[in-house]
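*Asks:* First the structure, which I've put down as structure tokens, then a few questions once you've had a look.
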Amino acid sequence: MPIRLVVADDHGLLRAGLVSLLNAESGMTVIGEADDEHSAVSQTVEKRPDIVLMDISMPDSGGIEATRRIKQLVPEAKVLIMTVHEDKGLAQEAIRAGAMGYILKRAIKSELVNAIQAVMRNELYLHPAMARLLFLQTQPLQMPPDPRLIPEPFEQLTFREVEVLRLIARGYTNNQAAEQLHISVRTVEYHRGNLTAKLNLRSRSELIKYAEEKGLI
């Protein structure tokens, strides 16, 4: 039996290329395509694929939220995140959401095929660059940590939270930010709440000043 896949990516040309590549691979067949979070979930529920190849940055709430919903609705479906973001925080968030793999879009064909086969065997797959990042992060310290080396709150922000912070700092309202990012206003409010909690900043002026310090505007 071939490995049955759903490919979820909002970039039409890239998605078409992935579909063509995977269908040409022996032992794999693409049975569905999606261009946003909702269609990724609905295609998975309808088609029941073995694996969902999921872009992390898609309209609506993004690939991580889609992964959470898929694991709730179709727990047997395995999710392989594919992204341009070499971000250990995003990788950890994706795995916590239920993803079985995290591969970078700069990977070559053989790496993608290996990743799909590993996930199909119920093995966790990390692109080598991400594995190194996570390995270095989890190494035990041999002495009490220097407070200067403790990661600052900005490093704990997710990719989407940084996007929301940038738009807030540029004067976007919640509605305008939602339209710009192709997500719901409620999702913007959720990310904004996370920002204020993680950064301990309450007012818009404090968020703007912080964003300026980080070079976001």
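*Asks:* Can you say whether V30 is over 25 Å from I108 (Cβ atoms) and open to solvent by less than 40 Å² (accessible area, probe 1.4 Å), as far as the supplied structure shows?
*Replies:* No; evaluated as a whole, the condition is false for this residue.
*Asks:* Just one of the numbered conditions (1) crowded, with 22+ Cβ neighbours inside 10 Å; (2) at pLDDT below 95 is not true of V79; which one?
*Replies:* (2)
*Asks:* Which numbered condition trips up R96, out of (1) closer than 20 Å to M1 by Cβ; (2) modelled with pLDDT under 95; (3) open to solvent by 50 Å² or more (accessible area, probe 1.4 Å)?
*Replies:* Only one criterion in (1) closer than 20 Å to M1 by Cβ; (2) modelled with pLDDT under 95; (3) open to solvent by 50 Å² or more (accessible area, probe 1.4 Å) is unmet by R96, namely (1).
*Asks:* Now for a different question. Condition check: closer than 20 Å to R15 by Cβ, out of contact with any His (no Cβ under 9 Å at 6 or more places or on another chain) and assigned to a helix (DSSP H, G or I). Does A99 satisfy that?
*Replies:* no
*Asks:* Another question, if that's okay. Which ranges mark the helices (runs of 4 or more DSSP H) fully within the range 1-85 that have 1 or more residues being under 13 Å from the mean Cα position of the chain (by Cα) and of a type in the set (S, T, N, Q)?
*Replies:* Helices (runs of 4 or more DSSP H) meeting the threshold: 63-73.
*Asks:* Something else: Would you please name the residue that is modelled with the lowest pLDDT, looking only at residues in the range 48-65 that are of a type in the set (D, E, K, R) and crowded, with 17+ Cβ neighbours inside 10 Å?
*Replies:* Filtering the range 48-65 for residues that are of a type in the set (D, E, K, R) and crowded, with 17+ Cβ neighbours inside 10 Å, the one modelled with the lowest pLDDT comes out as D60.
*Asks:* Related question: Please go through the range 66-75 and pick out each residue that is more than 17 Å from N194 (Cβ to Cβ), touching a residue at least 24 places away in the same chain (Cβ under 8 Å) and open to solvent by 10 Å² or more (accessible area, probe 1.4 Å).
*Replies:* Hits for the range 66-75 are R69, K71, L73.
*Asks:* Looking at the structure I just gave you, is L195 aliphatic (A, V, I, L, M) and within 19 Å of the chain's Cα centre (by Cα)? Give the derivation first.
*Replies:* Details: aliphatic (A, V, I, L, M): yes; within 19 Å of the chain's Cα centre (by Cα): yes.
When the stated conditions are applied, L195 passes them.
*Asks:* Restricting attention to the range 193-213, and to residues there that are of a type in the set (K, R) and farther than 13 Å from Q156 by Cβ, which single residue is least open to solvent (accessible area, probe 1.4 Å)?
*Replies:* R204
The values are calculated or read from the model by the stated rules, or taken from the named source; none is laboratory data. In this text, all values refer to a predicted model and were calculated from it rather than measured experimentally. Please note: Cβ atoms are built from the backbone with ideal geometry, for glycine as well, and neighbour counts cover all protein chains shown. Accessible surface is based on the protein model in full, side chains and every heavy atom, while ligands, DNA and RNA are left aside. Shrake-Rupley method; radii C 1.70, N 1.55, O 1.52, S 1.80 Å.
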